[in-house]
Amino acid sequence: MDTIRHCVIPAAGLGTRFLPATKVLPKEMLPVVDRPLIEWAIEEAMAAGAAEIALVIASGKELIQAHFERQPALEAVLEARGKRAELAAVRHSQELAHITYCRQEEPRGLGHAVLCAAEVVGDNPFLCMLPDDLSHAPTPILAQLRRAWDEVHAPVLALMRVTPDQISRYGCATVSQARGRLHRVTEVVEKPRPEDARSDLAIMGRYVLPGSIFEALRRTPTGVGGELQLTDGISALIAQGPVWGLEFDGELLDVGTPDGWLTTNVRLARELGRGAAVEAGLA
């Protein structure tokens, strides 16, 4: 049976919601408490068993790559000053999973971004996640999907129930049979109008996909604006065999919008501060 070693993380977006802050700084490098959000994403991928990260970036995102490279001068200064905690934090980002950088030359949709990683992943099943939300759960959400894949050995999508006014922000999944929180997916539609949505189950940017998704995407026509949608590729997989969706336990915290990013920072800072106080016997 094929094992999963890769996680594809699309990080080539323009970050327009955060302009002008992201005019030079990639959105994925915005800090969430003490480290950039892309580092949180890679840590979640590793917790799900990924040892190889295919990070899809665009021109102008070189700072992401620089963050994960060695910084000998900085390390030497920190070591000379006895700043052991800071030195460990710097080295931690350099000792994560092996990262391969895949270039998306122009923004042509999520499906195209995933397709940019085809040469790295090959025919193997893989994890895929968008770094616009942080997992906040006892078991990381991507790890929950990985466990579901171990059970069904078929594509698995992260699902969450949303209100009718929210469904147009997401892909929408229609489901049939269920095994507890695991549902057989019969149809996916990208950002339907509320009146057209056939369920309240939104696809939440985390997936376990087979290598055959790449050929499905190559065969998928582009849509409005020349974009290639991942949901269209998943529709092709549904026509070929079972696709499942998991209503995960826990929360996804928004870091893809300014309001969500600020709220998540405040919440996590409070939680981390409370945890530190408990450990120190101060709370």
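The values are calculated or read from the model by the stated rules, or taken from the named source; none is laboratory data. None of these values were measured; they are calculated from a predicted model. As a convention, Cβ positions derive from the backbone with ideal geometry for all residues, glycine included, and neighbour counts pool all protein chains shown.
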Checklist line | Residue among Glu227, Glu195, Glu187 that is over 18 Å from Cys7 (Cα atoms) and touching a Ser or Thr at 6+ places or on another chain (Cβ under 6 Å) | finding: Glu187
Next item on the list: Return the total of residues in segment 97-117 being more than 30 Å from Leu272 (Cβ to Cβ) and assigned to a loop (DSSP other than H, G, I, E, B).
Entry: 8
Next item on the list: Of the numbered conditions (1) closer than 25 Å to Ala137 by Cα; (2) surrounded by 15 or more Cβ atoms within 10 Å (Cβ to Cβ), Glu271 fails exactly one; give the number of that condition.
Entry: (2)
Next item on the list: For Leu268, indicate whether it is modelled with pLDDT of 90 or more, of a type in the set (A, V, I, L, M, F, W, C) and under 19 Å from Lys191 (Cα atoms).
Entry: no
Margin query: Residues that are of a type outside the set (D, E, K, R) and within 27 Å of Glu271 (Cα to Cα), at least 2 per element: which helices (runs of 4 or more DSSP H) completely within segment 118-219 meet that?
Written below: 141-152
Note to self: Return the pair list, or none, for Cβ contacts closer than 7 Å from residues in segment 29-49 that are on the phi > 0 side of the Ramachandran plot to residues that are not aliphatic (A, V, I, L, M), at least 6 apart or on different chains.
What the structure shows: Val33/Asn265; Gly49/Arg146
Margin query: Please go through (1) in contact (Cβ under 8 Å) with a residue 12 or more places away in the chain; (2) surrounded by fewer than 16 Cβ atoms within 10 Å (Cβ to Cβ); (3) assigned to a loop (DSSP other than H, G, I, E, B); (4) not hydroxyl-bearing (Ser, Thr, Tyr) for Gln65 and return the number of the only condition it doesn't satisfy.
Written below: (3)
Notebook entry, point to check: If you scan segment 108-135, which residues turn out to be surrounded by fewer than 18 Cβ atoms within 10 Å (Cβ to Cβ) and touching a helix residue (DSSP H, G or I) at 6+ places or on another chain (Cβ under 8 Å)?
Noted result: Arg108, Asp123
Check: Which one is farthest from the chain's Cα centre (by Cα), of the residues in segment 1-40 that are in a helix (DSSP H, G or I) and more than 15 Å from Lys61 (Cβ to Cβ)?
Finding: Arg17
Margin query: Exactly one condition in (1) closer than 24 Å to Gln229 by Cα; (2) in contact (Cβ under 8 Å) with a residue 60 or more places away in the chain; (3) within 15 Å of the chain's Cα centre (by Cα) is false for Ile53; which is it?
Written below: (2)
Notebook entry, point to check: Which of (1) surrounded by 15 or more Cβ atoms within 10 Å (Cβ to Cβ); (2) at pLDDT 95 or above does Asp259 not meet, given it meets every other one?
Noted result: (1)
Check: Within the bounds of segment 241-255, is there any residue that is surrounded by 14 or more Cβ atoms within 10 Å (Cβ to Cβ) and out of contact with any strand residue (DSSP E or B) (no Cβ under 7 Å at 6 or more places or on another chain)?
Finding: no
Next item on the list: Could you check how many residues of segment 163-183 are surrounded by fewer than 18 Cβ atoms within 10 Å (Cβ to Cβ) and without any contact (Cβ under 8 Å) to a residue 60 or more places away in the chain?
Entry: 12
Item checked: Candidate set from segment 139-156 (those that are surrounded by fewer than 21 Cβ atoms within 10 Å (Cβ to Cβ) and of a type in the set (Val, Ile, Thr)); member that is nearest to the chain's Cα centre (by Cα) -> Thr139
Note to self: Condition check: in a helix (DSSP H, G or I), of a type in the set (Val, Ile, Thr) and surrounded by fewer than 15 Cβ atoms within 10 Å (Cβ to Cβ). Does Val77 satisfy that?
What the structure shows: yes
Check: Which members of segment 41-54 meet the condition of being surrounded by fewer than 19 Cβ atoms within 10 Å (Cβ to Cβ) and in a helix (DSSP H, G or I)?
Finding: Glu43, Met46, Ala47
